[in-house]
Amino acid sequence: MAEIALGSYPAKRCARSTHNRFDPTAPTLGPPDPARQALVDAGIAFEAAVVETLAPTLGDGVVVVDAADWSAAVEQTAAAMDAGVPVIAGARLPNVNGRSGAPDLLIRHGDGYLPVDIKNHKTLDSPTRSTSPRSRASVQVAPLSAPGQIHTVTGLRADSGKRREDAMQLAHYTRMLQDLGRHGGELIGGVIGATDLTAALGTAQGVVWHPLEDTLARYDEEFALRLRVAEAAREGRELVRPVRISECDSCDWFPHCAQVAGPDDASFAVLTGHLSLPEWRHLYDTVGDGARLTVEELAGVDVEAHRESFAALGQRSGLTRLANAVRRAAMTVTGVDVEPNGSGWPDVPTADIEIDFDIEHDMDHIYQWGVRIRDGQDDATARYEPTVSFDPMDDAGEAALADEFADWLEAVLADARRTGRSVTVFHWSPVEIHKSAKFPRVAAALAGHTVDLMAWFKAEFFARTSSSIKAVAPLFGFDWDHEDSGGLTALLRIEQARAGSVEAKDWCLRYNCDDTAAQAAIRDGLRALRPPGPAAARRSDRPPTPHTPSATRS
Ligand code: SF4
């Protein structure tokens, strides 16, 4: 049997994904969905763009490993290291001690090399340097022209979440270089990311260097576990069960893991507000039988009894998340999708003219001001009237489009004033208001008329699902026209629409129309769900009162 060699990702990812990869009975994964593939492609393009800048910057000081064949690339990398080349891009290392790896860059340091990864994400908390004398923040950075010349800059802080993840990969390469006798000695690794480093370096791009001492101990433990998991899975044994954590939301193995866990599994039954792996492990061990914990068992958990043990796990808001998980488990068991936070059923906001508002934007510009307008709560009167442009967008085009939308909105408001009718503009999340603020006419027209429906919903109700509109609206029977509806897909589609695709233009219009219609469906659904009688309560932990069946599950 071939020796197992794991790359740089497994140690920072869920151990069950390693099991699945080596389990001969696990299904073969298909290609990632287009939106996720677009992220991968963007990362590859970012890396290529950075590498392209290295040759003019470093001249003879860089070698780009370009052999197509892996073994040839390994040899090319080794030859460059033997020659002491200052920067090696696209490096390929030989497998060693169960590890395989391809660090994006190797930087000459001492008698060896240090690893650097190129990542299309931010590297610092903020690109703006703090001038406060009390700031203890500092980062180690180096310019791209001299990536090994590291110096400390105060007033800036590395993004902790990204650093934690990146450091695990850098630790992997560090161990490989050490095992190969090629490491430069200092336990640090670098990232070239998307944050503008002008405040630190006087130039936008450079390397942010992270200390790796602490990470290496954690990495060694996690990597050793995954090697054992892989060996066991290959032999038909199972060292780790699937447990739903936040990582599952973007994991291609999700359908398989959900099936393996089964419909009664507590972690997979809780759709949002996920607990961490140590928190779930504690519950599986103390409430379940170690391997399994049912949703009924979770629903019966006495939250207070776990106060000390959750505090000992040291994770932020642990007890609050546990209380919410227990509440959601109870809702799952009793078939309740949404319940009021208070004792009575809140009044749903209304107006004589209801406008549901949703903008679409790319990285730089708003290209679609989507509005669906109706008379009061009569959905039969609803008209979708977007202000949209499928032309390539620049600042002037965006401003002109915003003016066009302001014309529309001002006309609606003027007519409402004339006829003595109230107008409310609903939007789901603050994004619409934040993004509109840079257009004074739009901001002025919206002022005093808007309701952030998501904020209102979260203040008044507790949902079994997340408060994403894509999760809440289906609770009231609303569904999007397209299976692939989502923000990342929208970015792909607008590019296709700008290139002339009629089908993509139609998708953009229908997707945005659905986002507006969903808000009306939520308000109407909540009104319909209201139990008869004044201020009636309906909580999963109280005796159920009559309600409209469409809002609960059978
Ligand atoms: S779906 Fe969740 S449990 Fe399964 S491999 Fe992915 S992250 Fe792990």
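The values are calculated or read from the model by the stated rules, or taken from the named source; none is laboratory data. Here the structure is a predicted model, which means the values were calculated and not measured. All Cβ positions, glycine included, derive from the backbone under ideal geometry; neighbour counts span all protein chains shown. The accessibility values were calculated without ligands, DNA or RNA, using every heavy atom of the protein model including side chains. Shrake-Rupley method; radii C 1.70, N 1.55, O 1.52, S 1.80 Å.
Mind checking the angle between helix 277-286 and the chain's longest principal axis? C-alpha axes, 0 to 90 degrees, to the nearest 10. For 277-286 against the chain, the angle is about 80 degrees. The amide H of Arg244, built 1.01 Å from its N in the peptide plane, has Ser267, Phe268 as neighbours under 5 Å, considering only residues 5 or more places off or on other chains.
Each principal axis of the Cα cloud of the stretch 2-135 was taken in turn, and the coordinate range along them, longest first, works out to 54, 43, 30 Å. Net charge in the neighbourhood of Gly181 (other residues with Cβ under 13 Å of its Cβ; Lys, Arg +1, Asp, Glu -1) is -1. Shown for the stretch 57-164 is the translational diffusion coefficient from the Stokes-Einstein equation, using the Kirkwood radius over Cα pairs, a temperature of 10 °C and a viscosity of 1.306 mPa s: 101 µm²/s.
Other residues within the sphere of radius under 11 Å centred on the Cβ of Arg16, judged by their own Cβ, net out at +2 (K and R +1, D and E -1).
Modelled label positions at Glu308 and Ser429, each set 7 Å beyond Cα in the direction of Cβ, lie 4.2 nm from each other. Compactness of the stretch 409-469 was expressed as the Cα radius of gyration divided by 2.2 N^0.38 Å, which yields 1.33.
Quick one: of Lys435/Lys470; Lys470/Lys505; Lys122/Lys458; Lys119/Lys435; Lys12/Lys162, which pairs are farther than 23 Å apart, Cα to Cα?
In this structure, Lys122/Lys458; Lys119/Lys435 lie more than 23 Å apart at Cα.
The GluC sites (Glu not before Pro) of the stretch 412-492 that DSSP puts in a loop, and whose beta carbon has at most 12 other beta carbons within 10 Å, are Glu483. Please state, as a whole number in µm²/s, the translational diffusion coefficient that the Stokes-Einstein equation yields for the stretch 296-449 at 37 °C and 0.692 mPa s, with Rh defined as the Kirkwood radius across alpha carbon pairs. For the chosen part, D equals 171 µm²/s.
Take the Cα of Arg136, step 7 Å toward its Cβ, do the same at Arg237, and the gap between the two points is 4.5 nm.
What is the sum of charges around Ala232, taking Lys and Arg as +1, Asp and Glu as -1, for the other residues whose C-beta is under 13 Å from the C-beta of Ala232? Taking every Cβ under 13 Å from that of Ala232, the sum is +3.
In the assembled protein chains, Leu313 presents an accessible area of approximately 60 Å² (probe radius 1.4 Å). Scaled against 2.2 N^0.38 Å for its residue count N, the alpha carbon radius of gyration of the chain is 1.12.
How much of the calculated P(r) for the stretch 353-551 lies past 31 Å, in percent of all Cα pairs? Looking at the stretch 353-551, the distances longer than 31 Å represent 22 percent of pairs. Using the alpha carbons alone, the radius of gyration of the stretch 241-334 stands to its Kirkwood radius in an Rg to Rh ratio of 0.93.
Computed over protein heavy atoms with a 1.4 Å probe, the carbon and sulfur contribution to the accessible area of the chain reaches 52%.
Taking all Cα-Cα distances within the stretch 147-269, those exceeding 25 Å account for 46%. Treating each Cα of the stretch 10-225 as one equal point scatterer and applying the Debye formula with no solvent, the log10 of I(q)/I(0) at q = 0.10, 0.18 Å⁻¹ comes out as -0.46, -1.42.
Please report the base-10 log of the normalised intensity I(q)/I(0) for the stretch 1-69, using a Debye sum with one equal scatterer per alpha carbon and no solvent, at each q in 0.14, 0.16, 0.19, 0.25 (1/Å). Cα-only, vacuum Debye calculation for the stretch 1-69: -0.76, -0.90, -1.04, -1.17.
Shape annotation for the stretch 215-372: C-alpha extents along the principal axes are 65, 44, 31 Å, from largest to smallest.
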